[in-house]
Amino acid sequence: MQDTSVTQARYVSEVLEFALALGELLLSSGQGAEDVEAAMLGITDAYGLPGCDPQVTFTMLSLSYLPDDEPVFQTATRTARRRAADHSRLEAAHKLVASVVAGTVDVSTARSRLDRIRAHPGPYPRWTAPLAAGALAGSASLLVGGHWGPLAVVGFITAFCAAAAGDLLAVRLGRAGVPEFYQFIAGAVPASVSGVLLAAAGAGLQGSFVITGGLYALLPGRALVAGVEDGLTTFYLTAGARLLEVGYLVTGIVLGVLVVLPAGDYLGAELRPEESFGRDSLPALQLLTAFMVSAALAVLLQCPPRILLLVTANGAAGWTVFGALTAQADISAVLATGAAAGLVGLFGQLLARRRGTTSLLYVTAALGPLLPGSAVYLGILAFVQGRTDQGLTELSRAAALALALAVGVHAGREMARLAEHIPLYTGRPRDAAQQTRGY
């Protein structure tokens, strides 16, 4: 009898540890806390441990199990320290959860598969990361500029080289153990220096486009969407931590630009982006560059190569909606961003449903063209030039755009779930759907 109890305890521990390890991988890859809990519950239910109590926070996961016929419960915890963006691992992890829930794999085999997923180097070699960051910044500089010509080509090349250098510098600092906050400061400096030098050399307003393109390559859109999603699904502690992280990283970006822009005044660089952003834009060029922004971001996020076309097409569709609403229907940028993000979230959830994976693969990179890079830059520049009121207005607009982006994409995903009755990994009611009336 005692041997049976020991064997059962070991089995329970093995299941709990596996569920936590997979939950950590999902959480560190940007998955929302609700989906992480659902995945862990799906695993424990499938392996005969119903009634487990999961807890997910920004850096800690725990699972408790109390059998009906035992007075002693078992609890296991795990710390999530590594937060790396690798969507190929995320896809493989979701497929593993689906296999477990379907009852086609035992726990020891599932753990071996998880170890192989964690050890997988990703679909793209390391040297592609700085190139993708450069392509993202260069494409974004054309996206916000909206026109083509010799100066635009110079701006593209400059933004490409600056963003690639910033990525390499941040990686070097990370390997040296420097906190991520300072990595973001360092990552913003090359684009800022390049933009100032370009403007001072007589290339005019292209300097502003280079700096703005560099911001697109740094803005933490993935963490922002995950943080807002956690708040909307009542995981307030995790949401607060994630949004605080976003605040720190954006502050780092702002500081990286602020330490350079005053030198532009000393050199006589004329940075007047308000005279050019959104003027005389070529819709066809902006659509192409929106496609390129999404593609470059997808490579940075290690999206599987076979879905790159779908991801980038989703990003181009979102930008088309945004452009049509702002340019043709004269709708505010905030509302247009929310509507475009909603479409991206809707399409992403439907694509994920067809392929049995998570919508993050099709959504995160597709949101790249909608990031509020120009609003952030305009706010920073206004502060440097002493226009405090305008600076606060622009940064507030950037925050509103970011919030509309995150809420819109979550609303789109929810509409897809309602339309197709898409369940989570378990059939249990959602805590976020329970009515409290605010009491």
Residue count for segment 357-377, restricted to those that are part of a helix (DSSP H, G or I) and among the hydroxyl-bearing types (Ser, Thr, Tyr): 3
Count, please, the residues in segment 148-169 that happen to be over 17 Å from ALA199 (Cβ atoms) and in a loop (DSSP other than H, G, I, E, B). 1
Part of a loop (DSSP other than H, G, I, E, B) and either surrounded by 17 or more Cβ atoms within 10 Å (Cβ to Cβ) or modelled with pLDDT under 80 (or both) - does that describe any residue in segment 281-288? yes
Do we find a residue being assigned to a helix (DSSP H, G or I), under 19 Å from ARG397 (Cβ atoms) and either modelled with pLDDT of 90 or more or open to solvent by less than 20 Å² (accessible area, probe 1.4 Å) (or both) anywhere in segment 341-356? yes
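For every residue, the table says whether it meets (1) part of a helix (DSSP H, G or I); (2) open to solvent by 30 Å² or more (accessible area, probe 1.4 Å); (3) at pLDDT below 80.
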position: GLY379; (1), (2), (3): yes, no, no
position: GLU414; (1), (2), (3): yes, yes, no
position: ILE422; (1), (2), (3): no, no, yes
position: TYR425; (1), (2), (3): no, yes, yes
Just one of LEU49, LEU20 is buried (at least 16 other Cβ atoms within 10 Å of the Cβ) and touching a residue at least 40 places away in the same chain (Cβ under 8 Å); which is it? LEU20
Can you tell me which residue among ALA201, ALA223, ALA176, ALA140 is in contact (Cβ under 8 Å) with a residue 12 or more places away in the chain, out of contact with any Lys or Arg (no Cβ under 6 Å at 6 or more places or on another chain) and among the small types (Gly, Ala, Ser)? ALA140
Are any of the residues in segment 360-375 over 23 Å from ALA333 (Cα atoms) and open to solvent by 40 Å² or more (accessible area, probe 1.4 Å)? no
Out of (1) among the polar types (S, T, N, Q); (2) over 14 Å from VAL228 (Cβ atoms); (3) crowded, with 19+ Cβ neighbours inside 10 Å, the odd one out for GLN385 is which? (3)
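Residues checked against (1) modelled with pLDDT under 90; (2) aromatic (Phe, Trp, Tyr); (3) open to solvent by less than 20 Å² (accessible area, probe 1.4 Å):
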{"site": "PRO125", "(1), (2), (3)": "yes, no, no"}
{"site": "LEU131", "(1), (2), (3)": "no, no, no"}
{"site": "LEU143", "(1), (2), (3)": "yes, no, yes"}
{"site": "TRP148", "(1), (2), (3)": "yes, yes, no"}
{"site": "CYS161", "(1), (2), (3)": "no, no, no"}
{"site": "ASP167", "(1), (2), (3)": "no, no, no"}
{"site": "ALA176", "(1), (2), (3)": "no, no, no"}
{"site": "PHE181", "(1), (2), (3)": "no, yes, no"}
{"site": "LEU198", "(1), (2), (3)": "yes, no, no"}
With (1) open to solvent by less than 50 Å² (accessible area, probe 1.4 Å); (2) more than 24 Å from ALA406 (Cβ to Cβ); (3) assigned to a loop (DSSP other than H, G, I, E, B) as the list, and LEU219 as the residue in question, which single condition is left unmet? (2)
Quick check, is GLY213 buried (at least 24 other Cβ atoms within 10 Å of the Cβ) and either at pLDDT below 85 or β-branched (Val, Ile, Thr) (or both)? no
Need pairs with beta-carbon distance below 8 Å; first residue open to solvent by 10 Å² or more (accessible area, probe 1.4 Å) and within segment 84-104, second acidic (Asp, Glu); sequence gap 6+ or separate chains. VAL101/ASP45
Given the structure, is GLY323 at pLDDT 85 or above, surrounded by 24 or more Cβ atoms within 10 Å (Cβ to Cβ), of a type in the set (Gly, Ala, Ser) and part of a helix (DSSP H, G or I)? no
Residue check for ARG113: among the charged types (D, E, K, R), more than 21 Å from GLY315 (Cβ to Cβ), in contact (Cβ under 8 Å) with a residue 40 or more places away in the chain and out of contact with any Lys or Arg (no Cβ under 6 Å at 6 or more places or on another chain): no
Consider THR212 carefully, then state whether it is in contact (Cβ under 8 Å) with a residue 60 or more places away in the chain and either closer than 19 Å to ALA365 by Cα or among the β-branched types (Val, Ile, Thr) (or both). yes
Can you find, within segment 298-318, the residue that is farthest from the chain's Cα centre (by Cα) among those that are in contact (Cβ under 8 Å) with a residue 60 or more places away in the chain and part of a helix (DSSP H, G or I)? PRO305
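The values are calculated or read from the model by the stated rules, or taken from the named source; none is laboratory data. Because the structure is predicted, anything quoted here is derived from the model rather than measured. Because the Cβ atoms are built from the backbone with ideal geometry, glycine has one as well, and the counts that use them run over all protein chains shown. For the accessible areas, the whole protein counts, side chains as well, though only heavy atoms, and no ligand, DNA or RNA atoms are used. Shrake-Rupley method; radii C 1.70, N 1.55, O 1.52, S 1.80 Å.
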